[in-house]
Structures are given as C-alpha cells and as structure tokens.
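For reference, the structure is listed below as structure tokens.
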Amino acid sequence: MMQIAILNGVLSEAEQEFYIRHITKKYPANLVEKIILDVHPEHVDVRCILHRFRDMRKMGGYCIGEPSTWNPAKQAELRDTIPNPINL
C-alpha cells in the first residue's frame, strides 16, 4: 500500500491525486512505497520512495532470507559457495 506524506502545508484531494498520477506515470504504482509532498509557498517538492526488493538466498534447499541479516558464519558460507555453472 502506498503512503502519502504531506509536509509543511495542506493539499486538497484533487491536488494529491494529481501528484499521485504524476508519480505513477513514471513508476508502476506497486513499486511506489511512499510519496512525500513538501509544500512551499511557490511550489511543491515531490519525492518518492520505491519498494526495495530483498535479496533472498537459498542454501541447502531452504530459503533463508536476506544475506545482510545472517550471522558471520552463514555469510562466510555464502562467500565460499561455488555456484553451479549454467550450460546453454
């Protein structure tokens, strides 16, 4: 679900919808995690945070999550793993 954050001011529903449409033209809506609308007297700064895809790994037949969350021994095991070659 996309979050909308409005900073330093107020925007009407129509204005919010305009900025949401503007962002979703550039990025698919399911990739946008958050839209930040920073309201200034002369303009509105628009920023968006995209969904971060996690690097999932599989070892020993089990999906064991994102390598950055592993303990040092499991990270060393990943570094020492020899990938299987793919012959086309």
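Only the coordinates and a few stated rules stand behind these numbers; no lab work does. All values derive from a computational prediction rather than experimental measurement. Cβ placement follows ideal geometry from the backbone for every residue including glycine, while neighbour counts extend to all protein chains displayed.
Measuring gaps between exposed loop sites in the chain (trypsin sites (Lys or Arg not before Pro); DSSP loop; at most 11 other Cβ atoms within 10 Å), the longest gap, sites not included, is 1-51. Only Cα pairs under 8 Å and 6+ residues apart enter the sum, and on that basis the relative contact order of the chain stands at 22 percent. Computing Rg and the Kirkwood Rh from the Cα coordinates of segment 1-40 gives a ratio, Rg/Rh, of 0.95. Fraction of C-alpha pairs exceeding 16 angstrom in the chain: 66 percent, rounded to a whole number.
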